[in-house]
Amino acid sequence: MKIQFTGDVNQLLSGITELQNDYDFVVSNHADIILHCKENRYEKNLHISYQDGRGTITYQKPSHFFRAFGLLLEHLQKGEIAFFIEEIPQFETIGPMFDLSRNAVLKTETFKDLIRKLAVMGFDSAMLYMEDIYEVRNEPYFGYMRGRYSQVELKSLDDYAHNLGIELIPCIQTLAHLEEFLKWNAAYRYKDTRGALLLESDDTYDLLDTMIQSVTAPFRSKRIHIGMDEAEEVGRGRYLNLNGYKPRFELMVEHLEKVLAITEKYGLKAMMWSDMFLKLASKTGDQYSKNTEMPAYIIEKTPKNVQLMYWQYNQTDGNHYEQIIEQHKRFSKTPAFAGGMWIWNTFAPNYNLSLPASKAALTACKKHGVKDVFVTLWGDDGFENNVYTALFGLQYYAEHAFAKEIDEEALKDRVKFCTGIDPEMFFVLNELDTPPGVSKGNLQQTNPSKFLLWQDVLLGLFDKHVEGLEMQPHYEKIEKRINNYRINHHGNLDYIFSVPEKLSRVLALKATIGVQLKQAYDTKNMDILTNLANVLLPELIVRVKALRVAHREQWLKLNKPFGWEVIDIRYGGLINRIDTAIKRLNDYLNHSIDSIEELEQERLFFSPDVQNSTSLGWCSYYYRIASPNVFFHVLPIY
């Protein structure tokens, strides 16, 4: 498809050119299709008209043009010859937040691919969550061996995004969540607790000045997110020893004022997570309780020159969002909002929870005038998953950003066009965490794709959770569906299905192998134990090795290599533990030992509440899934 562009196109052409390969068109001065681009800064709505090879796009800002251009291409590729589309933007800012700090640091090429997709979806911004993943002058241990971005890389990303109408916003931490920097002895002078900075220290504020200057220098945006969430430990480590007790609210406010003085020094507009202020106001310590009565002193003393950002990821009650938004408005400013697409702490996306929660949140945001909306893509505990599994959810946010109510069928068409992936396949991935035993909707966020993979076959910490469940047919069905899709579809993102395909093959065998092992041992069924030792467990090693290779290929294609060693170590541990299980079984079968002590132990529920629920349970941390024994010695908080 050849397209000639006329009108207000100079600032758009470099971005348009970047889209050619992905969306099957060519920019040409000799084309059958002529598209006139008309910028109108006084017209909020975007308009698309097309008939007889002639089209016009009227837009207010570049991001609206790229959204409109994507819609035009989509309709043309369907064979439509005449159409008119008008859309009404619902927000002033709409964008994802990419977590780059939990080991998976996206390659710049990967990020640019995502930026192209975000542009045609209709996003105008993206936040880069970087705890220590950027260069800081005179701090060589900041992001050391973690794949930190250089200023050159960040400027390259900012330039690329700008050409496609997207504002990149740095999102950092200026109080807590800095464990990976503060673990180094070289950072001791800045340290209060494991993850929190030492307040009322000149060294700390010199560091923060350098951090803020360093991270914002490569970006055009004058916005910065300064973090400050989940800082429960602040003032309770070295600070307490050096200075004595001081209420956290006083510490927070005084610290925030000093950080804001730095951001204002550099002409920046600051945003921050709001949970600590609401948590300190709550009698129960719940950061977002509908019943919280906001004390006047908290409202009065909280600085007004910062935009609070309300985050909530798993609440499906629209009334809840409305009440919390109204609580935020008492601070004399409408908050920003950040929802989430659940792709963290699991190999699978959880759309059954994320989409209803997002609908409730976005509806409340529209009703109560929230103008700045983001969707977080966290990567907790090593991030075995990848951001591409969230594309359906990102499209969902984009569609909500241009309509009061969205058309579900149009949404699926948009997903197919913008991503190249059959929308139903995102929900096949969703099924990795919805085997038998999980209630419809998985609203309790169970993550069996993670804990059933990493749990030890001899110790079986989650075996009690899956006793009597038909797990094998479930995972075999997923493997078959993914395999059939990959045979018949050969898009650029085909490789992201290799890991879930091979994971399904592993879980079809491994999900209940510990249950079989324990039952055979208890009943002294030597035939089954022999089959496990000589056939099933060796086959499991073969399948895990194939999964590891696919996972490594995916990781190294998407991310910098730093951080993969964590996942590599997990696979190595899993394979070695299966090998040890084989040896223990053979020693028992050969009468070298009288018993297998690990199998003598009674199996308990990992989470006792699971006994009376419709969930298989949830565990966020590999080290707890893999073993009940000591992985590392827990030191004092400071």
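Data for the structure
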{"item": "Considering residues of region 403-420 that are touching a helix residue (DSSP H, G or I) at 6+ places or on another chain (Cβ under 7 Å) and either at pLDDT below 95 or part of a loop (DSSP other than H, G, I, E, B) (or both) only, the residue surrounded by the fewest Cβ atoms within 10 Å (Cβ to Cβ)", "result": "Lys404"}
{"item": "Elements of type helices (runs of 4 or more DSSP H) contained in region 451-551, each with 2 or more residues being under 18 Å from Ala581 (Cβ atoms)", "result": "463-466, 498-510, 513-522, 526-531"}
{"item": "Matching option when the condition is within 30 Å of Thr193 (Cβ to Cβ) and either in a loop (DSSP other than H, G, I, E, B) or touching a residue at least 60 places away in the same chain (Cβ under 8 Å) (or both), among Ser620, Ser592", "result": "Ser620"}
{"item": "Complete set of residues in region 498-517 that are polar (S, T, N, Q) and either farther than 17 Å from Lys545 by Cα or surrounded by fewer than 22 Cβ atoms within 10 Å (Cβ to Cβ) (or both)", "result": "Ser498, Thr512, Gln516"}
{"item": "Criterion violated by Arg116 - all others in (1) outside any loop (DSSP other than H, G, I, E, B); (2) open to solvent by less than 30 Å² (accessible area, probe 1.4 Å); (3) touching a residue at least 60 places away in the same chain (Cβ under 8 Å) satisfied", "result": "(2)"}
{"item": "Counted residues, region 327-370 - those being assigned to a loop (DSSP other than H, G, I, E, B), farther than 17 Å from Phe392 by Cα, out of contact with any Leu (no Cβ under 8 Å at 6 or more places or on another chain) and not β-branched (Val, Ile, Thr)", "result": "5"}
{"item": "Hits in region 10-43 - residues which are in a loop (DSSP other than H, G, I, E, B), touching a residue at least 40 places away in the same chain (Cβ under 8 Å) and either among the hydrophobic types (A, V, I, L, M, F, W, C) or surrounded by 13 or more Cβ atoms within 10 Å (Cβ to Cβ) (or both)", "result": "Gln11, Leu12, Leu19, Phe25"}
{"item": "Members of region 185-212 found to be touching a helix residue (DSSP H, G or I) at 6+ places or on another chain (Cβ under 9 Å), without any contact (Cβ under 8 Å) to a residue 60 or more places away in the chain, closer than 17 Å to Glu139 by Cβ and not aliphatic (A, V, I, L, M), listed by number", "result": "Tyr188, Arg189, Tyr190, Gly195, Ser201, Asp203, Thr204, Tyr205, Asp209"}
{"item": "Only listed residue being farther than 23 Å from Arg414 by Cα, free of Cβ contacts under 8 Å to residues at least 40 places away in the same chain and surrounded by fewer than 24 Cβ atoms within 10 Å (Cβ to Cβ), chosen from Lys371, Lys329", "result": "Lys329"}
{"item": "Enumeration of residues in region 312-326 that are open to solvent by 40 Å² or more (accessible area, probe 1.4 Å), in contact with a helix residue (DSSP H, G or I) (Cβ under 7 Å, 6 or more places away or on another chain) and outside any loop (DSSP other than H, G, I, E, B)", "result": "Glu322"}
{"item": "Within region 555-579, tally of residues that are open to solvent by 10 Å² or more (accessible area, probe 1.4 Å), part of a helix (DSSP H, G or I) and under 16 Å from Gly147 (Cα atoms)", "result": "5"}
{"item": "Residue within region 158-165 that is of a type in the set (Phe, Trp, Tyr), surrounded by fewer than 24 Cβ atoms within 10 Å (Cβ to Cβ) and under 24 Å from Asn492 (Cβ atoms) present", "result": "yes"}
{"item": "Meets criteria (in contact with a Phe, Trp or Tyr (Cβ under 8 Å, 6 or more places away or on another chain), in a helix (DSSP H, G or I) and open to solvent by 40 Å² or more (accessible area, probe 1.4 Å)) for Phe427", "result": "yes"}
{"item": "Residues within region 535-554 that are open to solvent by 30 Å² or more (accessible area, probe 1.4 Å) and in contact (Cβ under 8 Å) with a residue 12 or more places away in the chain, tallied", "result": "9"}
{"item": "Test result for Ile625, more than 27 Å from Arg194 (Cβ to Cβ), surrounded by 19 or more Cβ atoms within 10 Å (Cβ to Cβ), out of contact with any strand residue (DSSP E or B) (no Cβ under 6 Å at 6 or more places or on another chain) and modelled with pLDDT of 95 or more", "result": "no"}
{"item": "Leu182 touching a Gly at 6+ places or on another chain (Cβ under 7 Å), without any contact (Cβ under 8 Å) to a residue 24 or more places away in the chain and among the hydrophobic types (A, V, I, L, M, F, W, C)", "result": "yes"}
{"item": "Selected residue (criterion: farthest from Ser358 (Cα to Cα)) from residues of region 275-311 that are modelled with pLDDT under 85 and open to solvent by 70 Å² or more (accessible area, probe 1.4 Å)", "result": "Lys283"}
{"item": "Qualifying residues in region 44-75 (those that are at pLDDT 95 or above and surrounded by fewer than 18 Cβ atoms within 10 Å (Cβ to Cβ)) - the one farthest from Thr6 (Cα to Cα)", "result": "Asn45"}
{"item": "Checking Gln173 against (1) of a type in the set (S, T, N, Q); (2) open to solvent by 10 Å² or more (accessible area, probe 1.4 Å); (3) under 20 Å from the mean Cα position of the chain (by Cα), the condition it does not meet", "result": "(2)"}
{"item": "Positions within region 55-111 being hydroxyl-bearing (Ser, Thr, Tyr), more than 21 Å from Gln395 (Cα to Cα) and not in a strand (DSSP E or B), in sequence order", "result": "Ser101, Thr108"}
{"item": "Close pairs (9 angstrom Cβ cut-off, 6 or more residues apart or separate chains): open to solvent by 100 Å² or more (accessible area, probe 1.4 Å) in region 478-497, in a loop (DSSP other than H, G, I, E, B) anywhere", "result": "Asn492/Gly420"}
{"item": "Looking only at region 119-130, and only at residues there that are touching a strand residue (DSSP E or B) at 6+ places or on another chain (Cβ under 9 Å) and open to solvent by less than 10 Å² (accessible area, probe 1.4 Å), the one that is nearest to Phe66 (Cα to Cα)", "result": "Gly122"}
{"item": "Residue check for Val438: assigned to a loop (DSSP other than H, G, I, E, B) and either more than 18 Å from the chain's Cα centre (by Cα) or buried (at least 24 other Cβ atoms within 10 Å of the Cβ) (or both)", "result": "yes"}
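Condition check ((1) closer than 25 Å to Lys269 by Cβ; (2) in contact with a helix residue (DSSP H, G or I) (Cβ under 8 Å, 6 or more places away or on another chain); (3) among the polar types (S, T, N, Q)) across all residues:
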position	(1), (2), (3)
Thr110	no, yes, yes
Val120	no, yes, no
Tyr129	yes, no, no
Glu135	yes, yes, no
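The values are calculated or read from the model by the stated rules, or taken from the named source; none is laboratory data. As the structure is a prediction and not an experimental result, all values here were calculated from the model. We place every Cβ from the backbone using ideal geometry, glycine too, and count neighbours over all the protein chains shown. Heads up: the accessible areas ignore ligands, DNA and RNA and are worked out on the full protein's heavy atoms, side chains in. Shrake-Rupley method; radii C 1.70, N 1.55, O 1.52, S 1.80 Å.
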